[in-house]
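Chemist: Have a look at the structure that comes next, please.
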Amino acid sequence: MPPKQIIALATHHHVQLKGHALNDRFGKVISLIRENYPVQIILEEWTPDRQSFASTLDTDKLKWKSVGTPKEKRFETYAYGLNTYPPTHDPKKPMLQEYGPLDVHELRERYMVDRIKEFMEPFNVGLFIVGLAHLHSTLSKLKPAGFEVRGYSWMEQ
């Protein structure tokens, strides 16, 4: 029996939000993937407090599940960086969001992989929509978990 397949699509989280100006384009990106892979379920890194565009695609023939982490202290990542908040923010300089802490990102990704394994049980092909920062590292965790993996990125803003 061939391994189950995960097609990962990495993008900016804000375009995942239902109502974003790029939802139509995002829908076309998802359609392009579905034209090339027989996706049965969309697995999305998403937050429970807002609706994602991809969740609106949930039907009898295409399921949708959030594999995002719950709002718990153990999953909190940095919400700051260089030149990001008043009183020191200078609008003439770039804003740099800090990545980390690394241990928390590892915990978040392990949680997502466990959820993917759970939700993929009755399916053969899943589309995993994830933030750009997690593409390589989650694919690297899904492969030893027994999945055949492919990754794509869409960065239109």
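Chemist: Looking at (1) part of a helix (DSSP H, G or I); (2) surrounded by fewer than 15 Cβ atoms within 10 Å (Cβ to Cβ); (3) in contact (Cβ under 8 Å) with a residue 60 or more places away in the chain, which is the one condition that is false for ILE116?
Modeler: All conditions pass for ILE116, except number (2).
Chemist: Related question: Within segment 126-145, take every residue that is over 10 Å from the mean Cα position of the chain (by Cα) and closer than 13 Å to LEU9 by Cβ and give me the one that is surrounded by the most Cβ atoms within 10 Å (Cβ to Cβ).
Modeler: First, pick out the residues of segment 126-145 that are over 10 Å from the mean Cα position of the chain (by Cα): 126, 136-137, 139-145.
Add one more test, that the residue is closer than 13 Å to LEU9 by Cβ, and what stays is 126, 139.
Working: GLY126: 24, LEU139: 18.
Per the criteria, the residue is GLY126.
Chemist: How many of the residues in segment 16-35 are under 16 Å from THR56 (Cβ atoms), among the aliphatic types (A, V, I, L, M) and either in a strand (DSSP E or B) or touching a strand residue (DSSP E or B) at 6+ places or on another chain (Cβ under 8 Å) (or both)?
Modeler: Just the residues of segment 16-35 that are under 16 Å from THR56 (Cβ atoms), to begin with: 16-31, 34.
From the residues that got through so far, the ones that are among the aliphatic types (A, V, I, L, M) too are 17, 21-22, 29-30.
Imposing the further condition that a residue be either in a strand (DSSP E or B) or touching a strand residue (DSSP E or B) at 6+ places or on another chain (Cβ under 8 Å) (or both) reduces the set to 17, 29-30.
Within segment 16-35, residues that are under 16 Å from THR56 (Cβ atoms), among the aliphatic types (A, V, I, L, M) and either in a strand (DSSP E or B) or touching a strand residue (DSSP E or B) at 6+ places or on another chain (Cβ under 8 Å) (or both) number 3.
Chemist: Please enumerate the residues belonging to segment 17-73 that are over 15 Å from TYR152 (Cα atoms) and among the hydrophobic types (A, V, I, L, M, F, W, C).
Modeler: Result: LEU17, ALA21, LEU22, ILE41, TRP46, PHE53, ALA54, LEU57, LEU62, TRP64, VAL67.
Chemist: Kindly evaluate LYS63 against the criterion of being of a type in the set (Lys, Arg), closer than 20 Å to ILE116 by Cβ, within 16 Å of the chain's Cα centre (by Cα) and surrounded by 17 or more Cβ atoms within 10 Å (Cβ to Cβ).
Modeler: When the stated conditions are applied, LYS63 passes them.
Chemist: Here is a check on your reading of the model: is LYS65 of a type in the set (Lys, Arg), in contact (Cβ under 8 Å) with a residue 12 or more places away in the chain and part of a strand (DSSP E or B)?
Modeler: Working: of a type in the set (Lys, Arg): yes; in contact (Cβ under 8 Å) with a residue 12 or more places away in the chain: yes; part of a strand (DSSP E or B): yes.
Yes.
Any read-out appearing in this document is the output of simple, stated calculations on the displayed coordinates, not a laboratory observation. Quantities reported herein were computed from a predicted structural model and do not represent experimental measurements. Glycine gets a Cβ as well: all are built from the backbone with ideal geometry, and neighbour counts include every protein chain shown.
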